[in-house]
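Below: one structure, written as structure tokens.
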Amino acid sequence: MDAKRLLNPVGGGGEAADQNLPLSAHGDAKALFENFLESAPIGIALLDLQFRFVLVNRCLADWTGVSLEDPALRPLQETWGGLVREWLPELNEVVRSGEPLLNQERRLEPPGKITRDVLASFHPVRDKHGNISNIGMFVNDITPRKQVEQALAESERKLRLITAATSEAIIAYDMQGDVVYANPAVERLTGYSNVELQKRRFINWIYPDDQARMLGFWEKLFKGEGFVGEEYRVLTKKGEVKWALSSWVPLYDESGHQIGVQGIERDITKRKELEQALVRSENRFRRLVEANVIGVLSGEGELITFANDSFLHMLGYTREDFNVRKLELSDVSSPECLDTEHNRWDGLLTKGVCPPFEKEFQHKDGSRVPALCGAALIDRASRSWVCFVLDLNDRKDAERRLRDMAEELARSNRDLQDFAYIASHDLKEPLRMVSSFVRLIAQRYHGKLDSDADDFIGYALDGARRMNRLIDDLLIYARVDRGQLKRERVSLNQILKRVMMDLGNLIDESTAKITFGDLPAVTGDEVQLGQLFQNLLTNAIKFKGDAAPIIDIRARNVGEEWIISVQDNGIGINKEFAERVFLPFRRVENHQTYRGTGMGLAICRKIVERHGGEIWVDSEPGEGSMFYFSLAGAESVGGI
Ligand code: ADP
């Protein structure tokens, strides 16, 4: 299809068109003009008043598929189908008003052709009488511009969505310092709503201590100098303190004039709190390390990368030594420890901790330093660890001294016992002589001298008897510790029965009533355990109250032990004497009317302690007493 045919009046001869052309368009100019219209990049058409095409240029023909080969009298609406039906009101309006209708935004959707967004203008064309004879149509393709506009609108919509949804606070101020934009995160950070922010400058929500520093940045910002990554504290509307990471840039218009500033504030409160917690915990650890109360060292694999002063001092190294020499664990460990060290190291790698253990380090001078160590793995991949070291030198010395003292004490105790035994044993003989001679004097001279002499002889006899008892008790006391303790299975039932037989007279005289439950068999010394029961029963009868003595003996199994109780209904003991009565020669003052040496319970305690047990009393004056003693080796009741 060539230009001529396109521009020829549709269905009409050339003359009709020629007549309508201005004079200047004749000849070359006319051809040029036709070419110009034909090749114009906008769609141009001339319609008659039935809205049929009279002229259509190539551009519009291409866009719409209008073929002027067709009987071109087809009306516009038929040519473009229903798609341009909506154009009819404009065309009618132009015909009615006689005024052009400009830049109507429309969509061109011809069947089988690309859809285009267009700007269409309709101009009335008048004949020489001034009547509207035709309508000129100019159609501009604005599809690319529309696409750009849509893309822009879409990207702006997305940007708005992102800024609204982001957790970062985004805010912009104009040069007067008024807020021009703030996303919802600003309210979340500061607690101020958009409306409140309008009156609020950036500086108002800065924690007072940080204001001077941030103000410096703020002033430079309005002079065109942005800043990145400044941390400061936010004072929220509610008075909370939060941490923000702040970055601001100046904003410019197209001509390069600064029109405002824009910033992003990130809430880093959580990170800060974590950081602070980390610093605190790091400080705690550092304090421990620097306090030098214990040795602390850390390292990677064999290499010691850090050692505190306490550790270096312990092994005689200076800080310079440590920095110059690359110390390894094997350099500071005694060679004997190295084998077990490997096992510990494996344990540390698999379990992550190495429980405290004792080892010997090697001092710089080659001597050994006993120490207690414990280690924890910090990172498995790099095999890094931290270890504490407690110098045991002093403790070991103290232990040694204590051991020596204990041995010394045991020796002097033995000496004392030997002395007590020998002294009391050797005292017996002269005492026996004194007693027998005093008894002889009493027999021969009683009633023959004056009455004073009789009294004196009586006192001497009584003193000799008391001294005899005292020496006997002392001998028993000293004997408890002497020699090997017999360790046989013995029945407490049988021992108790024998003791009761021995004490037959005493029991009868006092009309004491003695009951006992099933007592166990224990491992111990029969003679000593008999002595124990004898002393307790004698006391229970001796320290009786007004009523006849009632005594009950029971055994109770507690874990690995037997607890034996001896209960009486006697005068009881005041609580303040409850401990003291077990010491030698200790008697309760207001019990002086009862005869005794004060050695009975001391002997009991010694016997029980030698058997690995304890003895104690629970009593109230006038309420009777309950003596308890424990014996190890819980077995069946009843015994052998
Ligand atoms: P002694 O019986 O020779 O005085 P002990 O060592 O046996 O010495 O007892 C020490 C003191 O404990 C007694 O003097 C007495 O005051 C008190 N005592 C011991 N057994 C009893 C008891 N069953 N009831 C009340 N007091 C007791």
Q: Kindly list, by first and then second residue, each pair from a residue in the stretch 392-416 that is under 24 Å from SER310 (Cβ atoms) to a residue that is outside any helix (DSSP H, G or I) and at pLDDT 85 or above, limited to pairs with Cβ atoms under 7 Å and residues at least 6 apart or on different chains.
A: LEU392/GLU358; LEU392/PRO370; LEU392/ALA371; LEU392/LEU372; ASN393/VAL369; ASN393/PRO370; LYS396/PRO370
Q) Would you call ARG411 in contact with a Gly (Cβ under 9 Å, 6 or more places away or on another chain) and of a type outside the set (Gly, Ala, Ser)? A) no
**Q.** Checklist (1) open to solvent by less than 60 Å² (accessible area, probe 1.4 Å); (2) away from the ligand (no atom under 13 Å from the Cβ); (3) at pLDDT 90 or above applied to ALA540, failing item
**A.** (2)
Q: Restrict the check to the stretch 630-638 and report whether at least one residue is at pLDDT 90 or above and either more than 8 Å from the ligand (Cβ to nearest atom) or out of contact with any Ser or Thr (no Cβ under 7 Å at 6 or more places or on another chain) (or both).
A: yes
Q: Check the stretch 461-479 and report whether any residue there is in contact with a strand residue (DSSP E or B) (Cβ under 6 Å, 6 or more places away or on another chain) and under 17 Å from LEU532 (Cβ atoms).
A: no
Q | Which listed residue is at pLDDT 85 or above and over 21 Å from MET599 (Cα atoms), from LEU461, LEU506 | A | LEU461
(Q) Need pairs with beta-carbon distance below 8 Å; first residue at pLDDT below 90 and within the stretch 287-315, second open to solvent by less than 10 Å² (accessible area, probe 1.4 Å) and not aromatic (Phe, Trp, Tyr); sequence gap 6+ or separate chains. (A) LEU288/VAL296; VAL289/VAL296; VAL289/ASN308; GLU290/ASN308; ASN292/ASN308; ILE294/VAL389
Q: Please enumerate the residues belonging to the stretch 544-578 that are more than 12 Å from the ligand (Cβ to nearest atom), assigned to a loop (DSSP other than H, G, I, E, B) and open to solvent by 50 Å² or more (accessible area, probe 1.4 Å).
A: ASP546, ALA547, GLY559, GLU560
Q: For the stretch 489-513, enumerate the residues that are farther than 28 Å from HIS425 by Cα and among the acidic types (Asp, Glu).
A: ASP508, GLU509
Q. Taking VAL180 and the conditions (1) part of a helix (DSSP H, G or I); (2) surrounded by 14 or more Cβ atoms within 10 Å (Cβ to Cβ), which numbered condition does it fall short on, given that it satisfies the others?
A. (1)
Q.
Can you tell me which of (1) of a type outside the set (S, T, N, Q); (2) in contact with a helix residue (DSSP H, G or I) (Cβ under 9 Å, 6 or more places away or on another chain); (3) over 23 Å from LEU377 (Cβ atoms); (4) in the same structural domain as PHE361 (by TED's automatic domain parsing) is the one HIS313 doesn't meet?
A. (2)
Q | the stretch 1-43, residues that are modelled with pLDDT of 80 or more, touching a strand residue (DSSP E or B) at 6+ places or on another chain (Cβ under 6 Å) and aliphatic (A, V, I, L, M) | A | LEU37, ILE42
Q.
Exactly one of these conditions fails for GLY483: (1) at pLDDT below 90; (2) part of a helix (DSSP H, G or I); (3) not hydroxyl-bearing (Ser, Thr, Tyr). Give me its number.
A. (2)
Q: Taking the residues in the stretch 579-615 that are more than 6 Å from the ligand (Cβ to nearest atom) and of a type in the set (Ser, Thr, Tyr) as candidates, determine which candidate is modelled with the lowest pLDDT.
A: THR593
Q. Which of the following residues is of a type outside the set (Gly, Ala, Ser) and outside the structural domain of LYS606 (by TED's automatic domain parsing): ARG556, ARG498, ARG469?
A. ARG469
Q.
Looking at the structure I just gave you, is VAL499 open to solvent by 70 Å² or more (accessible area, probe 1.4 Å), away from the ligand (no atom under 11 Å from the Cβ), part of a helix (DSSP H, G or I) and hydrophobic (A, V, I, L, M, F, W, C)?
A. no
**Q.** Close pairs (8 angstrom Cβ cut-off, 6 or more residues apart or separate chains): within 12 Å of VAL249 (Cβ to Cβ) and modelled with pLDDT under 95 in the stretch 203-227, part of a helix (DSSP H, G or I) and open to solvent by 30 Å² or more (accessible area, probe 1.4 Å) anywhere
**A.** PHE227/PHE217; PHE227/LYS220
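The values are calculated or read from the model by the stated rules, or taken from the named source; none is laboratory data. It should be emphasised that the depicted structure is a prediction, and the values quoted were computed from it without experimental measurement. Heads up, the Cβs are rebuilt from the backbone with ideal geometry, glycines too, and the neighbour counts pull from every protein chain shown. We work out accessible area using only protein heavy atoms, side chains counted, and drop any ligands, DNA or RNA first. Shrake-Rupley method; radii C 1.70, N 1.55, O 1.52, S 1.80 Å.
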